[in-house]
Amino acid sequence: MSTEIIPYTIEEREDTGVNNAKLGIWLFLTSEVMLFGALFSTYIFLRVGTINWPVGSSFLSVPMAALNTVFLITSSITMVMAWLSLVDKNFSAYRKYMLLTILLGCAFLVVKYFEYTAKFEHNLYPSTNTFLGLYFTMTGLHVLHVIGGLIVNIYFLFPGSKMWESNPERFKNRIEIAGLYWHFVDLVWIFLFPVLYLL
Amino acid sequence: MIGIQYGLTSLIFLFFGFCLVMLMRWQLAYPEQPIPFIGSWFGESNAPGGIMLPEFYNQLGAMHGTIMVFLGIVPLAVGAFANYLVPLQVGAPDMAFPKLNMASYWVYFLGGIVMLSSFFLPGGAASSGWTSYAPLAVVASVGQTYWLFGMFLLITSSLLGAVNIIVTIIQLRAPGLTYFRLPFLVWAQLITSFLLLLAFPALEAAAVMQIMDRLAGTSFFMPSGLVVSGEVLKYTGGGSPVLWQHLFWFLAHPEVYVLILPAMGVVTEIIANNTRKPIWGYRGLVYASLFLGFMSFAVWAHHMFMTGMGTTISTFFQTTTMIISVPSIVIITTLFITLWGGSIRFNTPMLFALAFLPMFGIGGLTGLPLGLNATDIALHDTYYVIGHFHYVVAPGTIFALFAGIYFWFPKFTGRKMNEKLGKIHFVGSFICMNGIFFPMFLVGLAGVSRRLWDGGEQYAHAQGVFRYNETMSIFSWVLALFQLIFIFNLFYSMWKGKKSEENPWQSTTLEWATPTPPPHGNFEVTPTVYRGPYEYSVPGHPTDYLPQNQKV
């Protein structure tokens, strides 16, 4: 069934002030909040039940994580710039910023890769202790979210960007929505970093 | 239409889940006697000589629960009914995201395949109950891993579906269709979808952690020093089995309302239509449901009074549990009062809808002693619990869904289901359902555990009630015969049923304002809504119903 007949795919509904996709992504993000919320609750639950909780930095590298924080926050900014470029109808600027966003996301993954392998080299695995179990599960799930976001962004940089010719308004909305997701992924990291590395 | 795909698939799963329990009922009624006729089908590893092994019984139990809840009722009540009816009742051309809708169905289908395929694994399917309590589930055979991945797919499907339903209701309402003009079924689906959206991720997180425990050797749910078969497990420990229960029930309690709210919605539509009266206290019904949805997130630990989580927490959850019974009573009372003074049409859908009320009443009221800490400790692990929730879900929700199928069948197919067969189906199911589930209360009050493979044969305190096992089992097999009538009726009426007119029940809501089957885009012209959903017997109006889209 074609989507053309469905109202409010592009334009906003007057009484709700949003279009369908934007409401959809916010609902999706609330459920994501619950997902990570459950993991953070687990962290609290297990930590308060433990006598000796290790300091995160005794296992983990704070400088590397700080670098990653910089990467992700910057990528959020470039993501906004990509969308703003489309608002200004500047497609080449969009491509530049989107590429930058993707590269920063990849840089995050590369750093994460080195972090993980460094743990494995020291025989630190998820099964080693509860803290590391939480660390690998929470960051692992976050990494999956980053990869998902990267796939979406790469799609919109290359094949998906054809829509800019046929339906620029809708394409702009799509980038905004991909951006909302990307900011959420960024935000999760902002919580993970202090909780796992610093506290 | 995806709604119909959902409907048929989930009905097949429902029947399959029912078959599993019929096997279990043989073992409970006649412990350690070979299963007649089909006993040799299950192989030496499950039923040597046709006699069911305890391990196989556990698989059947776990998969019965899982299939009925996650593959049967939720996809039928939400997947099928919401997908088909919500766009029509809000006057929308389609669901807001048609592709997502399709994805949601296929992910559900895949989840079902994964669940079913796990029966063929070495060690069989998941056998740690539909609740998959740790640490038992963590050390269980590989079937449990399949269960977790299957749940993953089912959760994903539900989330996609929930987003789609909410957006459709909020964004695609027809002009003039304000929130308080929505049929109650739409409200029920809206609240249900929010429950799915917000509760399911907790189980998703828990499933990730159980997968980690099983595959990566973490100890989220594993306590220190656990000994299995005389050997200390290699887990480092420090985890908490109670944590699994918290996360699981944080999903599974709202899930109870996911099962019941759409049923209440269906029943409300049918009662209003067949009493030819407006619903008494429509707004109260909506507010009660909203409160119910909200409170359902704050009662989960009443499933966990036995875990020793502490009296303060128990008292808190006991209190919230008593509070949540209030809106349920409001909803049921509203429907009962609606019957008052109506000239009731006793057709098949109405019979099922009427039966829903006392059946849900019994299910609900028997839940009160379980919500109170002191009585729950005595009753918790007995058949009483099984009786309680089956009354809510089986003669409750399933009856409501049958009512819905009979009622909207003319919309799906343009034909009516056979009334005579429908009434036989109703009477038989009604008697059998009570014959199965009522004795469970007696067995439970006698203190018989609900987890016994032999139905309590070897326990002295079970001797007085053991004979009921046979009664219940016979009723369950007879119930199956009456379902064959339904299946026959369904397919017979699809092709040979009496042709129905466009609005066979003289209903007011928008789904009857489209041609059957609905064309591309559902409505020929976008309908405009002028009034609430239940304008029946309006004084001074020539017919006894006033459709929502009719201008006067």
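Read the figures in this text as sums done on the coordinates, not as results from a lab. The structure presented is a predicted model; accordingly, all values stated were derived computationally and were not measured. With ideal geometry, Cβ positions are generated from the backbone for all residues, glycine too; neighbour counts draw on all protein chains shown.
Which aspartates and glutamates have a Cα less than 13 Å from the Cα of A:LYS172, not counting those fewer than 8 places away in the same chain?
Of all the aspartates and glutamates, those that pass the test against A:LYS172 - Cα under 13 Å, at least 8 places apart if same chain - are A:GLU11, A:ASP88.
How crowded by other chains is B:169-179, given as the mean number of beta carbons from other chains within 10 Å of each beta carbon? Don't jump to the answer; show the numbers that get you there.
On the way: counts 0, 8, 15, 5, 3, 1, 0, 0, 0, 1, 0.
Across the residues of B:169-179, the mean count of other-chain Cβ atoms within 10 Å is 3.
For the ranges B:405-415, B:64-74, B:425-435, what's the packing order if you count other beta-carbon atoms within 10 Å of each residue, average per peptide, and put the highest first? Write down the numbers at each step before the final one.
Numbers: B:405-415: 22.0, B:64-74: 23.7, B:425-435: 19.4.
Taking the mean over residues of other Cβ atoms within 10 Å, the ranking is B:64-74, B:405-415, B:425-435.
Over its Cα atoms, what ratio of radius of gyration to 2.2 N^0.38 Å does chain A give?
Numbers: Rg = 19.4 Å, N = 199, 2.2 N^0.38 = 16.4 Å.
Its radius of gyration relative to the 2.2 N^0.38 Å reference: 1.18.
Counting only C-alpha contacts under 8 Å and six or more residues apart, can you give the relative contact order of segment B:2-513 as a whole percent?
Numbers: 815 pairs, mean separation 73.1, N = 512.
Relative contact order, segment B:2-513: 14 percent.
Hey, what do the phi angles of segment B:526-537 turn into as Karplus ³J(HN,Hα) couplings, whole Hz, using 6.51/-1.76/1.60 and θ = phi - 60°, x for Gly and Pro?
4, x, 10, 9, 10, 7, x, x, 10, 8, 9, 6
With runs of 4+ DSSP H residues as the only contributors, calculate the mean residue ellipticity of chain B at 222 nm using -39,500 (n - 2.57) per run, divided by the residue total and rounded to the nearest 500.
Values: 16 runs with 315 residues, N = 552.
Helix contribution divided over all residues of chain B: -19500 deg cm²/dmol.
Taking amide hydrogens as modeled 1.01 Å from N in the peptide plane, which residues meet the under 5 Å criterion relative to B:TYR545, leaving out close sequence neighbours?
B:SER537
If I model a spin label at B:TYR459 and B:MET494 as a point 7 Å from the Cα along the Cα→Cβ vector, what separation in nanometres do I get?
Placing both labels 7 Å along Cα→Cβ, they lie 4.4 nm apart.
Is the shape of the protein assembly as shown best called rounded, prolate or oblate, per the rule: a/c under 1.5 gives rounded, else a/b larger than b/c gives prolate, else oblate, with a ≥ b ≥ c the square roots of the Cα gyration tensor eigenvalues?
On the way: a/c = 1.89, a/b = 1.10, b/c = 1.72.
Oblate, since a/c reaches 1.5 and b/c is not below a/b.
Averaged over peptide B:85-95, how many Cβ atoms belonging to another chain are found within 10 Å of each residue's Cβ?
Values: counts 0, 0, 1, 0, 0, 0, 0, 3, 6, 5, 3.
Counting other chains' Cβ atoms within 10 Å and averaging over B:85-95 gives 2.
Rounded to the nearest 500, what is chain A's calculated 222 nm mean residue ellipticity when only DSSP H runs of at least 4 contribute -39500 (n - 2.57) each, over all residues? Kindly include the intermediate steps, with their values, before the conclusion.
Values: 6 runs with 143 residues, N = 199.
Value at 222 nm, helices only: -25500 deg cm²/dmol.
Please list, in chain and number order, the residues 5+ apart from B:ARG415 or on another chain whose amide H is under 5 Å from its amide H, with Hs placed from the backbone.
Those qualifying (amide H under 5 Å, at least 5 residues apart or on another chain) are B:SER500.
A:GLU115 versus B:PHE180, label points 7 Å from Cα toward the beta carbon: distance in nm?
5.2
Can you tell me the order of B:87-95, A:105-113, B:260-268 when each peptide is scored by its average per-residue count of other Cβ atoms within 10 angstrom, highest first?
Values: B:87-95: 24.7, A:105-113: 17.1, B:260-268: 28.9.
In descending order of packing, they fall as B:260-268, B:87-95, A:105-113.
Starting at the first residue of segment B:280-296, write each ³J(HN,Hα) from the Karplus equation 6.51 cos²θ - 1.76 cosθ + 1.60 with θ = phi - 60°, in whole Hz, x for Gly and Pro.
With coefficients 6.51, -1.76 and 1.60, one gets 6, x, 4, 5, x, 4, 5, 4, 4, 5, 4, 5, 4, x, 5, 5, 5 Hz.
Need the C-alpha centroid separation for segment A:1-73 versus segment B:144-164, integer Å.
For segment A:1-73 versus segment B:144-164, the Cα centre distance is 18 Å.
Tell me, what ³J(HN,Hα) does each residue in segment B:160-169 have, in order and in whole Hz, if you take phi through Karplus 6.51 cos²θ - 1.76 cosθ + 1.60 with θ = phi - 60° and put x for Gly and Pro?
After applying 6.51 cos²θ - 1.76 cosθ + 1.60, I find 4, x, 5, 4, 4, 5, 4, 5, 4, 5 Hz.
How many partner chain Cβ atoms sit within 10 Å of a residue's Cβ in peptide B:192-205, on average, as a whole number?
Details: counts 0, 1, 3, 0, 1, 5, 6, 2, 3, 10, 7, 2, 7, 12.
Mean partner-chain Cβ count within 10 Å for B:192-205: 4.
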